[in-house]
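The structure under discussion appears below in the form of structure tokens.
The values are calculated or read from the model by the stated rules, or taken from the named source; none is laboratory data. In this text the structure is predicted, and so the values were computed from the model without any measurement. Ideal geometry is used to build each Cβ from the backbone, glycine not excepted, and the neighbour counts take in all protein chains shown. Heads up: the accessible areas ignore ligands, DNA and RNA and are worked out on the full protein's heavy atoms, side chains in. Shrake-Rupley method; radii C 1.70, N 1.55, O 1.52, S 1.80 Å.
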Amino acid sequence: MTDRVVSWHPHPSKPRYCPPDGAIDAHCHVFGPMAQFPFSAKAKYLPADAGSDMLFSLRDDLGFSRNVIVQPSCHGTDNRATLHAIAQSDGKARGVAVVDPAITQDELACLHESGIRAVRFNFLKRLVESAPQDDFLDLAGRLPKTWHVVIYFEADMLYELRSFIDALPVPVVIDHMGRPDVSKGPDGPDMRAFRDLLAMRADLWFKATCPDRLDTGGPPWHNFVRSVAPLVEDYPDRCLWGTDWPHPNMEHNIPDDGQLVDIIPKIAPSSVLQRKMLMDNPMQLYWSA
């Protein structure tokens with residue numbers, strides 16, 4: 001890999017929607033800078049630098065107050081770029097790490113002190129070479145108190161992962177709702193299967209994110225809104241939202257972050273729902289301890 005990929009909008013629009021004071025972008029990433037934080041030798045893509053300065057500038061422009069920075073697959077288990085961004089945030093960021101399942105308790109404690117509050121298990125075979133479920137379960141049982149697990153998978157993997165998810169001994173957050181097919185609407189098979197998963201345990205949360213990935217119709221992403229708004233309404237205490245900036249692997253369909261923010265009042269029409277999704281829920285998961 002020699003060509004470095006740019007996957008973010010160079011000049012995102014100013015959103016019409018104004019998030020409430022204290023709103024949290026609960027799913028975003030940083031890339032590099034490569035000279036300081038090299039990418040993993042196993043990375044499936046090589047992004048251009050998109051560091052903390054860019055992220056926090058976008059946060060302010062979009063009207064958010066805090067970030068939850070999720071370790072991207074291109075950095076593997078080397079969390080230094082994520083930790084650096086958290087350290088530069090003046091307390092306004094927390095993180096989700098990707099770690100070797102053999103990580104020690106002392107190393108986990110250091111991550112906690114550095115602002116990490118969860119580990120991410122990625123099951124997308126096009127992004128990671130292995131996802132050892134037994135090792136992940138062992139790790140989940142050793143996490144610091146108040147931590148949770150974030151899981152990334154696609155809809156066709158849900159059935160085979162149900163027993164694994166059910167066995168996790170800590171709260172679980174599902175990235176991008178498990179990437180359902182939103183074109184079939186709120187009663188489509190993928191959305192029904194995801195609702196069945198939510199009914200399985202009360203401590204399972206989801207990110208109502210990534211219309212640009214899930215809705216091929218493009219902005220204003222009507223299919224996404226039609227499918228996801230009922231989910232947010234029915235599970236107001238378990239939903240999160242984030243930009244997914246800098247949109248890994250979206251170089252051929254780069255979203256305008258201002259338009260992404262304008263999705264919020266469409267999937268969470270009331271101020272009560274917006275406050276839960278943007279503030280109360282992520283604060284509970286990431287800033288309660």
Of all residues being in contact (Cβ under 8 Å) with a residue 12 or more places away in the chain and in a helix (DSSP H, G or I) in the stretch 93-114, which is surrounded by the most Cβ atoms within 10 Å (Cβ to Cβ)? Just the residue, please. L111
Within the group D53, D60, which residue is outside any loop (DSSP other than H, G, I, E, B), of a type outside the set (V, I, T) and closer than 19 Å to P248 by Cβ? D53
Within 18 Å of the chain's Cα centre (by Cα), under 27 Å from R66 (Cβ atoms) and modelled with pLDDT under 95 - does that describe any residue in the stretch 153-169? no
Hey, can you tell me all the residues within the stretch 77-92 that are within 24 Å of D134 (Cα to Cα) and surrounded by fewer than 19 Cβ atoms within 10 Å (Cβ to Cβ)? T77, D78
Flag if L273 is open to solvent by less than 60 Å² (accessible area, probe 1.4 Å) and closer than 26 Å to S73 by Cα: no
Cβ-Cβ under 7 Å pairs, at least 6 apart or on other chains, the stretch 124-153 side more than 20 Å from K42 (Cα to Cα), far side at pLDDT below 95 and surrounded by fewer than 15 Cβ atoms within 10 Å (Cβ to Cβ): T146/S288; T146/A289
Suppose the filter is at pLDDT 95 or above and within 23 Å of D25 (Cα to Cα); does L139 pass it? no
How many residues are assigned to a helix (DSSP H, G or I) and open to solvent by less than 20 Å² (accessible area, probe 1.4 Å) if we restrict to the stretch 137-181? 10
